[in-house]
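Structure first, then comments.
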Amino acid sequence: MTNSKLPINLDDLLRQRTVEGERIEYKAGWNPDAIIRTLCAFANDFENLGGGYVVIGQDCDADGRPIFPPVGLPDNQLDKIQRELLAHCQLIQPPYFPVLSLEVVEGRNLIVLQAPGGQTRPYKAPEAVTASKKTWRYYIRRYSSTVEAKGDTEQELLSLAAKVPFDDRFNQFARVDDLAKPLMQGFLEEVGSALAADAPGLFVEALGRQMNVAGGPTESPWPKNVGLLFFNETPERFFPGVQIDVVWFPEGAGGDRFDEKIFKGPLARMTREALGYIQRNYLHETVIKHPDRAEATRFWNFPYAAIEEAVVNAVYHRSYEEHEPIEVRISHDELVVVSYPGPDRSIRMEDLKAGRAVSRRYRNRRIGEFLKELEMTEGRSTGIPKILKEMAANGSPAPLFEMDDDRLSFVIRLPRHPLSLVPTVGAGEVTGEVTGEVTGEIERLVRAVVGEMTRQQIQTALGLKGEDHFRKAYLSPALTAQMIEMTLPDTPRSSKQCYRLTAIGRRWLETHPGDGAT
């Protein structure tokens, strides 16, 4: 057990409770029996949430909210508590030692124990460490309580023996020096950790141990997989396939042309760069003005928040033992996110579609922990419900979720908003936003076009006489908005030139059968 500074923001931990209630326990004073049982439960990490924290010297109200100022611990008790804690932790079987940090909040002493999920679970602890005759039990966390694992729960816990999630395992094919200290410091500064101030003076191994991304014996330390994924410039050297491929299909998924951009690098940076690229190049907003009201209707072809959840969900839940990249496949009609493998078999497809799926097992507990600290995900199975909510809020069709019978892959399909205008395309990617709005003039023109009509026929149908005004207010905006198209686009000034509705124009009419008047 080491005395160190926390790799998190203690103020957030206490005041804002960014770490969920089931991952934190407040103790007003030194209560060795209850504290050792809770440490045992966090070490077992039954739900694969990444363990938790015990804050000694912090009291709370009946609802579990911390009370300020905290009750604190006397100065003359700090050394005694640490000595007893070290002795009691050796009673856990196998022995388990949390990371200890001495903190001062509003002038009061606190002892904060960071208890990550253990490498050699299951763990058991005495019911009472102070009893002369000890009885050992298995303990787990249930919501915000520590309880004994009994019956089927105990059997399930025992079945987890040596099943440490891949991201929390030591990588014996890498060295601690493969962890990039600047990346580690950047993370600590971004999340507001008190450890950031001490990081420049620490060696990589010491910093890695405090952040729990390195460990092992002193004579032969190893980095953990999660450390290499977040804090190495080229993680694909250790985990082939750690990349996000963004593929654009200008002619649809069945077309002959596509353009691909590959994103690699530390996990958080790679994810942010891929999302930023998609947002800049493939998302556009459509504005429809209505002749009968002042408020315009605005929506996106694909809502960014839904894309963000889908991509981060793939980064969080994919297997890093498989060498397949995450794919984001974009066409005019849909945006598809593909990852490998599929969800745990305990999750039913009908629950997934309804946004009710809750996983009992997280494939990457530590990756989720880091993503939460970076506020890139909330965890707790909220990703799918948020995708459903964001698509509905944008007025888009419901997303589709697909997986094969063997659950070798997972596909999230986000359909394009049916009224969204297709942006101008060049060189295989979006080069500009939609410049035309669906004004009342465009609406009148679209409703007037039947089959293929000349400019004069459309103008007559609308009862308009001035050609210049018609071209400026009606024809050109409708062409720009891609609601209509030329029948002879290669010879725009041809005397035989006609105009007809595009697929977008026809779809718009289908969804607005009785709106407006020509």
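No lab work stands behind these numbers, since they all come straight from the coordinates. These numbers come from a predicted model, not from an experiment. With ideal geometry, Cβ positions are generated from the backbone for all residues, glycine too; neighbour counts draw on all protein chains shown.
Considering the range 244-415 at the alpha-carbon level, its Rg and Dmax are found to be 16.6, 58 Å.
Angle of helix 78-89 to the longest C-alpha principal axis of the chain, folded into 0 to 90 degrees and rounded to 10: 90°. Listed by Cβ neighbour count within 10 Å, with the fewest neighbours leading, GLU350, GLU219, GLU22, GLU321 appear as GLU219, GLU350, GLU321, GLU22. Listed by chain and number, the lysines placed with their C-alpha closer than 30 angstrom to that of LYS27 are LYS5, LYS80, LYS124, LYS133, LYS134, LYS150, LYS372; residues fewer than eight positions away on the same chain are left out. Spin-label model, ARG500 to THR480: label points 7 Å out along the Cα-to-beta-carbon direction sit 2.6 nm apart. Across every direction, the projection of the convex hull enclosing the Cα atoms of the chain has a mean area of 30.7 nm². Between the C-alpha center of the range 255-329 and that of the range 195-225 there is a gap of 35 Å.
Computed about the Cα centre, the dipole magnitude for the chain is approximately 500 debye when only Lys and Arg (+1) and Asp and Glu (-1) carry charge, each at its Cβ.
For the range 194-240, the alpha carbon positions stretch 34, 24, 13 Å along the principal axes, listed from largest to smallest. Per-peptide packing, taken as the mean over residues of other Cβ atoms within 10 Å, places 271-277, 314-320, 143-149, 450-456 in the sequence 314-320, 271-277, 143-149, 450-456 from highest down. Translational diffusion of the range 1-161, estimated by Stokes-Einstein from the Kirkwood radius over alpha carbon pairs at 25 °C in a medium of 0.890 mPa s, is 155 µm² per second. Applying 1/(1 + (r/R0)^6) with R0 = 25 Å to the Cβ-Cβ distance of ALA131 and GLU154 gives a FRET efficiency near 0.70.
Once the convex hull of all Cα atoms in the range 100-244 is built, its volume per residue stands at 194 Å³. Over every Cα atom in the range 435-511, the radius of gyration and the widest Cα-Cα span, Dmax, amount to 11.4, 33 Å.
Nearest 20 debye, what's the magnitude of the dipole of the range 244-415 about its Cα centre given +1 on Lys and Arg Cβ and -1 on Asp and Glu Cβ?
Details: 26 positive and 29 negative charges, 137 e Å.
In total the dipole reaches around 660 debye.
Distance between the modelled labels on ARG257 and ARG298, one decimal in nanometres: 3.2 nm (7 Å Cα→Cβ projection).
Please give the contour-minus-distance gain from ASP333 to PHE173: 0.36 nm per residue of separation, less the Cα-Cα distance, rounded to one decimal in nm. Spell out each step's value before the answer.
Values: separation 160, 0.36 × 160 = 57.60 nm, distance 4.37 nm.
My answer for the length gained is 53.2 nm.
I'd like the orientation of helix 304-317 relative to the chain: the angle between its Cα long axis and the longest Cα principal axis, in ° from 0 to 90, rounded to 10. Once rounded, the angle reads 40 degrees.
Which value in deg cm²/dmol, rounded to the nearest 500, describes the helix-derived mean residue ellipticity at 222 nm for the chain, given -39,500 (n - 2.57) per DSSP H run of n ≥ 4 and division by the residue count?
Working: 16 runs with 149 residues, N = 518.
Helix-only estimate at 222 nm: -8000 deg cm²/dmol.
When SER396, SER220, SER476 are sorted by how many other C-beta atoms sit within 10 angstrom of their C-beta, beginning with the fewest, the order is SER220, SER476, SER396. Taking Cα atoms, how many degrees apart are the long axis of helix 181-191 and the longest axis of the chain, rounded to 10 and kept between 0 and 90? Long axis of 181-191 versus the principal axis of the chain: about 80 degrees. Cβ crowding within 10 Å, taken as a proxy for footprinting-reagent exposure, orders HIS323, HIS512 from fewest neighbours to most as HIS323, HIS512.
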